[in-house]
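We did not get these values from a lab; they are worked out from the coordinates using the rules stated. All figures in this text were calculated on a predicted structure; none of them were measured in a lab. Quick reminder, even Gly has a Cβ in these numbers, built from the backbone with ideal geometry, and neighbours come from all protein chains shown.
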């Protein structure tokens, strides 16, 4: 250590007097720097807000035009005539059979063409059996218009299959007009779907053509959602829009749909659906790649983000500098699999996550300006706002790198420093060096406190002197070290406690328990309870190895759990062959009985597909009853969340009624859902006061 480092603060303060000569120059520089920075910031703010608003107006206008066009097409007589004529023609194909050779070509198409392309764009390993067509008409149309299509790169070019069928003749007349519409307006596909969900016509002839989108692998897809919105509305003027999703029949490419109802006079006969071209969304948000001409400079961009915090338009940098874009994402910790999906799709839609301050604020319904790090980890200035297009909200974000905004300020600062270096006399330089030595420990302490404010309690500051600042630095380091140790211990305990608690209790009950509440018990006046027994589990355990039987049972329960989540049903427990669930408990729902019946129907579909896939003969005994229950946390040292009451007992009693893979409901469920489903009474099982109904 130097002699100067042993001096007291008073001696060092005397050295600061030598820096007075610098005051005027520094003050002038600071004012110039601040004024320039503020002026550039104000200009950038105004420019970004203008770009944000113009892109919002453009995207809203585009979707408004889509809705108007869909409604116009739905009103036209050619859509009515097409649905009325194509429906019976497809039904007649159910008596047709393809040859063994054609069936083999059909299977090879799915196995060697469709599935490999699908795997490139989605996560997971899709199974062949899931997508193979089932009905005779579906097989026939898929083979003649998709598999054997002489234009595999653009199947829409095929006017009719030439198979001599009535459908092909009708298709030729319909396709002449709808194909032109799709090509002229840039729609990837245009669908005609009858009231039962059968895809009667498709321009692009993907594998959804000829099938039913409400059942099988297409159920729950974005096309199914678009169809269901229109079917449930039964409004001649209805137009609905779905958000982008990975549409598996289209090889997992992100797709959104606009749907409208089709009426023959006063009769609802089907739905017309337009597929939204994601390329057009990219053109609007990337201003046809004319970034510099519209004022976005070298780094500015505008993009859309959905509620899942994933992009709905592609990043500028994916088009402008793909290698740099991938490198930036990799540096931010983006998984290699996600990068692979972006490279394969040449698009960041539904793949690139955006959790920046601007995007999250816009998704929360806020509009504004802020400085933050974008999805590349680069400091940007962003203007953001929510945008509503259908039954969903997107975030629209306009950003530009701060380095580009303040490049002029940095040049000015650099020139001023050069000038100062030339003008400063030797004594001023020496005084500056002394001042720097004096201020270094203060700056280090300030930087250390900022690090702690940001949550970095591991910060340690080098001790550069033995004066009061040295003692203060040592005290700071000791405090930070102790704080870090306590923080680590507290965080570890809290995380472990939260993790264990959420594995056995619902989030609401867990929060009440953590807040100190001792006796957690509630009564619920009206919920729906489902009690299911999986027949055949015991024989399954006897015929298979313990590990294999457990694996199959676990797969089945996972499928049930996924279905329960879709219908907002809460699983209470699953033990061996028993599966118990409740709807309307944590979140009150007026349609809890309907959701539970729909869930039970989904369970039957799951067990049937599971049996076909695994070659098993499992069955379900299902009982459903609505009524009051009590629920709460049981135990003081080991917790369980239990539901009890007469409603639970009745559901359990009902499920024992004879009939495998049948849904038995109580009188209360029957009265609540009468008219929505078909019911038939079940013969009394020794209790005339407990009428039982079967969903037929």
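Observations
- Cβ crowding within 10 Å ranks 135, 221, 165 as 135, 165, 221, fewest other Cβ atoms first.
- Antiparallel DSSP beta bridges within segment 518-695, percent to nearest 5: 90
- Ranking of 266, 189, 321 by count of other Cβ atoms within 10 Å, fewest first: 266, 321, 189
- Expected 222 nm ellipticity per residue - DSSP helices of 4 or more, -39500 (n - 2.57), all of the chain, to 500: -15500 deg cm²/dmol
- Going from the residue with the fewest nearby Cβ atoms within 10 Å to the one with the most, 203, 180 rank 180, 203.
- Three-way shape label, the chain, alpha-carbon gyration tensor, a/c 1.5: oblate
- Distance from the C-alpha centroid of segment 597-651 to that of segment 147-221: 41 Å, rounded to the whole angstrom.
- Expressed to the nearest 5 percent, the antiparallel share of DSSP beta bridges inside the chain is 95 percent.
- Across the alpha-carbon set of segment 518-695, the Rg to Rh ratio works out to 0.98, Rh being the Kirkwood radius.
- Taking a ≥ b ≥ c as the square roots of the Cα gyration tensor eigenvalues, segment 72-133 comes out oblate, since a/c reaches at least 1.5 and a/b does not exceed b/c.
- Directionally averaged shadow of segment 76-276, computed from the convex hull of its alpha-carbon atoms, nm²: 10.5
- Euclidean distance of C-alpha centroids, segment 118-136 and segment 232-259, integer Å: 20
- Three-way shape label, segment 318-357, alpha-carbon gyration tensor, a/c 1.5: rounded
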